[in-house]
Amino acid sequence: MQLIQSKKYNFTLYLNYTAVVYAFIIPLSRAGIGILTAMMILLWLLEGGFKDKLNLYRKNKVIIFLILFLLLGFVSLLWTEDQQVSLYLQRRYWYLFPLFIFMTSLQKEFIPKLLSAFILGMFVSEVIAYGVFFELWSFMNATVANPSPFMHHIIYSIFLAFTALLLLNYIFNFHTLKYKIMYAFFFVTVTGNLFLTNGRTGQLAFLVGLFTLALLSFKHKLKAFLMTILLGGVVFVVAFNISTTFKQRVLLGKSDLTQVIEKKNYCSSWGGRVGAWIVSQDIIKEDPLLGVGIQDNMKLFHEIIDEKHPSMKCMHHSFMHTHNQYLQIWTSLGFLGLFLFLAMFYALVRLPIKNKELHHIKYIYISILLFSFMPEVIWGRQFSLALTALVFGILLAQNRVENESSSRESKTLA
């Protein structure tokens, strides 16, 4: 029995160290994410204790709603015409598996290590991005105009927004002066990197997350509001005057929306997103409860454009999805799918976290993610799923650790 317990502990320890490497590699490598996910699954299986693990899952509403949402996607294959493509899209969800692993097996002392490893990975990514921007080297598909070294610029902007607010959370609430100075320097460089990319989604999400963090960090709500306006205003004004890329994207966005309002021109980035709302209304009417099926929604999307909206035909080339996560789910999986999806986030909001640092991180990440879903479909992409698995997994693990600690204290008092 002692030998079995010793082997189990070894597998748990190996799993936790692998998780640290996984957190570091998330911003840096597609292949690394896949390999380390597979390694963690193997160690998790060797660790055993499945009865206890299943009991934890059964009692957790975040896990229940997530599983129900994923199951609905697979059930939708019954009424989906393009089953092959739909199944391919569904298979990407295996990148969420670390979430389940961390919930049951991540040890208390490794939780801060995972956050530090992720920040270190972002630092490496940032160094590469700045090197490309200042033309010190070339790297993969990154360019001076868009120095996003490893992933699509929209996803990278969300990574940067989350990292910047993670650092700002440390500055506002934790650590000694020397650490505050170090985090402040890194915050400035990460924020600078954010506004050098073309990712307007992450840039706007940063402002939303900043307001959330201010509300959490300051007792006086007026002070929080003024802090958000001041810091957000400074960041955006400096970025507008220093970053040519950011300035051009802001002016282009303004022009796109003006063209939509005045001329009904949907042949632009933001114009197309407005057009997607119009077209999606007709798709939802087909089956508001269960949707028309994954991928079938986009087939119908383009058919409706041809039949009813000839001014939107330019959208055929750039709209492989609706560019809105909520519309994408509602049109493909109906109101039931959207309800399960949002219920998962609501359950996470309600998840008790006593640790102040992680309590703040929970609200920061949820606010960034829920906002980012409005202008873009990011849920089914590898890097964004891996980041979600990391953050959700850490929060679920912290909740488990705190519950175990409370249970032990209750037994001691009894």
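The values are calculated or read from the model by the stated rules, or taken from the named source; none is laboratory data. If you're wondering where the values come from, they're calculated on a predicted model, not measured in any experiment. Every residue, glycine as well, gets a Cβ built from its backbone with ideal geometry; the counts of neighbours run over all protein chains shown.
Within segment 330-384, can you find the residues that are assigned to a loop (DSSP other than H, G, I, E, B) and of a type in the set (Val, Ile, Thr)?
Keep residues of segment 330-384 that are assigned to a loop (DSSP other than H, G, I, E, B), which gives 351-355, 373-381.
Within segment 330-384, ILE353, VAL377, ILE378 qualify.
Let's see how each residue does on (1) within 22 Å of TRP44 (Cα to Cα); (2) of a type outside the set (D, E, K, R); (3) modelled with pLDDT of 95 or more:
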{"position": "LYS61", "(1), (2), (3)": "yes, no, yes"}
{"position": "ILE67", "(1), (2), (3)": "yes, yes, yes"}
{"position": "LEU78", "(1), (2), (3)": "no, yes, no"}
{"position": "GLU81", "(1), (2), (3)": "no, no, no"}
{"position": "TYR93", "(1), (2), (3)": "yes, yes, no"}
{"position": "PHE97", "(1), (2), (3)": "yes, yes, yes"}
{"position": "SER105", "(1), (2), (3)": "yes, yes, yes"}
{"position": "LYS113", "(1), (2), (3)": "yes, no, yes"}
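Kindly evaluate ASN141 against the criterion of being of a type in the set (S, T, N, Q) and in contact with a His (Cβ under 7 Å, 6 or more places away or on another chain). Full working, then the answer.
Working: of a type in the set (S, T, N, Q): yes; in contact with a His (Cβ under 7 Å, 6 or more places away or on another chain): no.
The answer is no for ASN141.
Name the single residue that is modelled with the lowest pLDDT among those in segment 290-307 being more than 16 Å from TYR326 (Cβ to Cβ) and either surrounded by fewer than 16 Cβ atoms within 10 Å (Cβ to Cβ) or not hydrophobic (A, V, I, L, M, F, W, C) (or both).
Here the residue is GLN295.
Has segment 219-233 got any residue that is of a type outside the set (Gly, Ala, Ser) and touching a residue at least 40 places away in the same chain (Cβ under 8 Å)? Talk me through it step by step, then tell me what you get.
Here is the first cut: in segment 219-233, the residues of a type outside the set (Gly, Ala, Ser) are 219-223, 225-231.
In the following step, the residues that additionally are touching a residue at least 40 places away in the same chain (Cβ under 8 Å) were identified as none.
For segment 219-233, residues of a type outside the set (Gly, Ala, Ser) and touching a residue at least 40 places away in the same chain (Cβ under 8 Å): absent.
I'm told ASN198 meets every condition in (1) part of a helix (DSSP H, G or I); (2) within 22 Å of the chain's Cα centre (by Cα) except one. Can you identify the failing condition by its number?
(1)
Here are some conditions: (1) of a type in the set (D, E, K, R); (2) surrounded by fewer than 20 Cβ atoms within 10 Å (Cβ to Cβ); (3) at pLDDT 95 or above; (4) under 23 Å from ILE329 (Cβ atoms). LYS362 meets all but one. Which one does it not meet?
The single condition LYS362 does not satisfy is (2).
Out of curiosity, is ALA117 crowded, with 19+ Cβ neighbours inside 10 Å, at pLDDT below 95 and either hydroxyl-bearing (Ser, Thr, Tyr) or under 22 Å from the mean Cα position of the chain (by Cα) (or both)?
Working: crowded, with 19+ Cβ neighbours inside 10 Å: yes; at pLDDT below 95: no; either hydroxyl-bearing (Ser, Thr, Tyr) or under 22 Å from the mean Cα position of the chain (by Cα) (or both): yes.
The answer is no for ALA117.
If you take the residues in segment 136-187 that are in a loop (DSSP other than H, G, I, E, B) and of a type in the set (Gly, Ala, Ser), which one is modelled with the lowest pLDDT?
Of all residues in segment 136-187, those in a loop (DSSP other than H, G, I, E, B) come to 136-152, 174-176.
Checking the rest, the ones that are also of a type in the set (Gly, Ala, Ser) come to 138, 142, 145, 148.
Details: SER138: 89, ALA142: 85, ALA145: 79, SER148: 90.
Among them, the one singled out is ALA145.
Among the residues of segment 82-117, count how many are in contact (Cβ under 8 Å) with a residue 60 or more places away in the chain, assigned to a helix (DSSP H, G or I) and in contact with a Ser or Thr (Cβ under 8 Å, 6 or more places away or on another chain).
7
Condition test on LEU72, is it surrounded by 14 or more Cβ atoms within 10 Å (Cβ to Cβ), aliphatic (A, V, I, L, M) and within 17 Å of the chain's Cα centre (by Cα)?
Values: surrounded by 14 or more Cβ atoms within 10 Å (Cβ to Cβ): yes; aliphatic (A, V, I, L, M): yes; within 17 Å of the chain's Cα centre (by Cα): no.
In short, no.
Among all residue pairs at least 6 apart or on different chains, which show Cβ distances below 6 Å where the first residue, located in segment 284-305, is of a type in the set (Val, Ile, Thr) and the second is in a loop (DSSP other than H, G, I, E, B) and buried (at least 19 other Cβ atoms within 10 Å of the Cβ)?
Partner pairs satisfying both residue conditions: ILE294/THR80.
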